[in-house]
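Participant: Take a look at this one; I'll ask things after.
The numbers here are math on the coordinates, done by the rules we state, and not lab data. Just so it is clear, the structure is predicted and the values come from calculations on it, not from any experiment. With ideal geometry, Cβ positions are generated from the backbone for all residues, glycine too; neighbour counts draw on all protein chains shown.
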């Protein structure tokens, strides 16, 4: 069954908006001066946050199900925009850092692949039109016994 989600923005002045969903806290959206006052994230930054948080939640959830002892996780998304309008992303790079004692790099790779190919709808939509590359760093890997 299809699920409908809703979001709305309320104009606050200049080019500042407040984003709201039915379940979340307000999100400040703005642009730098002179058009705005730089009081929030730009819309394209929010798109990167959506991708990073969607993939991140899925990766961490899958690693926990794989009984991996994840102690730290960060995912940085950087997008390169084309020069002409519409200034869409032409490429996105995801830098994933996972840390924890005894992490299995193969499990991290598998969780990332499942997020990319199956479970993250934001990734699924974006990869149809944007080149997305991923770099993974795993720290706290146990050395194999000698």
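Participant: Rounded to the nearest 10 degrees, what's the angle between the helix 105-114 long axis and the longest principal axis of the chain, both from Cα atoms, 0 to 90?
Facilitator: Helix 105-114 sits roughly 40 degrees off the main axis of the chain.
Participant: Please state, to two decimals, what the Cα-based radius of gyration of the stretch 71-144 comes to when divided by 2.2 N^0.38 Å (N = residues). Write down the numbers at each step before the final one.
Facilitator: Values: Rg = 14.7 Å, N = 74, 2.2 N^0.38 = 11.3 Å.
The reported ratio for this selection is 1.30.
Participant: Sticking with the crude label model, points 7 Å out along Cα→Cβ, report the distance from residue 81 to residue 11 in nm, one decimal please.
Facilitator: Each label point is offset 7 Å from its Cα along the Cβ direction, giving 2.1 nm.
Participant: Another question about this same structure. Taking the square root of 5 times each eigenvalue of the Cα gyration tensor, what semi-axes in Å does the equivalent ellipsoid of the chain have, largest first?
Facilitator: They are 33, 17, 16 Å, listed from largest to smallest.
Participant: Run through all the Cα pairs of the stretch 1-41 and give the fraction in each 5 Å bin from 0, expressed as whole percent.
Facilitator: Per 5 Å bin, starting at zero, the Cα-Cα P(r) for the stretch 1-41 comes out as 7, 24, 24, 17, 12, 8, 4, 3, 1, 0 percent.
Participant: If I stretch the segment between residue 136 and residue 97 completely, what's the gain in nm (0.36 nm per residue apart, minus their alpha carbon distance), one decimal? Provide the component values of the computation, followed by the final result.
Facilitator: Values: separation 39, 0.36 × 39 = 14.04 nm, distance 0.60 nm.
Value of the extension gain: 13.4 nm.
Participant: Here's another thing I want to ask about it. Say R0 is 35 Å: what FRET efficiency, to the nearest 0.05, do residue 90 and residue 65 get from their beta-carbon distance?
Facilitator: Values: r = 34 Å, r/R0 = 0.98.
The pair residue 90/residue 65 has a calculated efficiency of 0.50.
Participant: What Kirkwood radius, in Å to one decimal, follows from the Cα pairs of the stretch 1-83?
Facilitator: 15.3
Participant: A further question on this structure: With everything on Cα atoms, drop me the angle between helix 43-65 and the longest principal axis of the chain, reported from 0 to 90° to the nearest 10.
Facilitator: 20
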